[in-house]
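Inspection log for the structure reproduced underneath, given as structure tokens.
Nothing in this text is a laboratory measurement; each read-out follows from the coordinates by a stated rule. The structure presented is a predicted model; accordingly, all values stated were derived computationally and were not measured. Glycine gets a Cβ as well: all are built from the backbone with ideal geometry, and neighbour counts include every protein chain shown.
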Amino acid sequence: MANHKSALKRIRQNAVRRDRNKYQHKTARNAVRDLRSETDKKVAEKQLPEVIALLDKLAKNNVIHSNKASNLKSKLTRMVSAL
């Protein structure tokens with residue numbers, strides 16, 4: 001167990017950040033899944049900017065790699081335009 005106050009604080013911070021990252025990552029994955037399963041083009045076009053914003057935020061905060069976010073955005077955009 002940690003002996004310094006700063007180490008205890010760091011443990012608390014890491015736990016909070018890990019939970020927040022896990023929640024945001026799961027939320028984005030669910031949004032991508034819902035967008036992929038969408039068959040109506042108008043609804044998909046409405047959802048696409050929201051999903052892209054989620055992916056950009058995750059990439060900015062290093063929850064996912066920026067290349068992964070770019071690949072997902074590209075594939076989702078192509079899928080929506082093909083509907």
Name the pairs: first residue in region 4-25 and touching a residue at least 24 places away in the same chain (Cβ under 8 Å), second residue in a helix (DSSP H, G or I), Cβ to Cβ under 7 Å, at least 6 apart or on different chains? Q24/L58; H25/L58
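Any idea which residue in region 29-40 is nearest to R17 (Cα to Cα), counting only those that are in a helix (DSSP H, G or I) and out of contact with any helix residue (DSSP H, G or I) (no Cβ under 9 Å at 6 or more places or on another chain)?
The qualifying residue nearest to R17 (Cα to Cα) is R29.
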Restricted to region 3-51, and to residues that are over 22 Å from A69 (Cα atoms) and β-branched (V, I, T), which residue is surrounded by the fewest Cβ atoms within 10 Å (Cβ to Cβ)? T39
Residue that is nearest to N21 (Cα to Cα), among those in region 41-83 that are assigned to a loop (DSSP other than H, G, I, E, B) and touching a residue at least 24 places away in the same chain (Cβ under 8 Å): V63
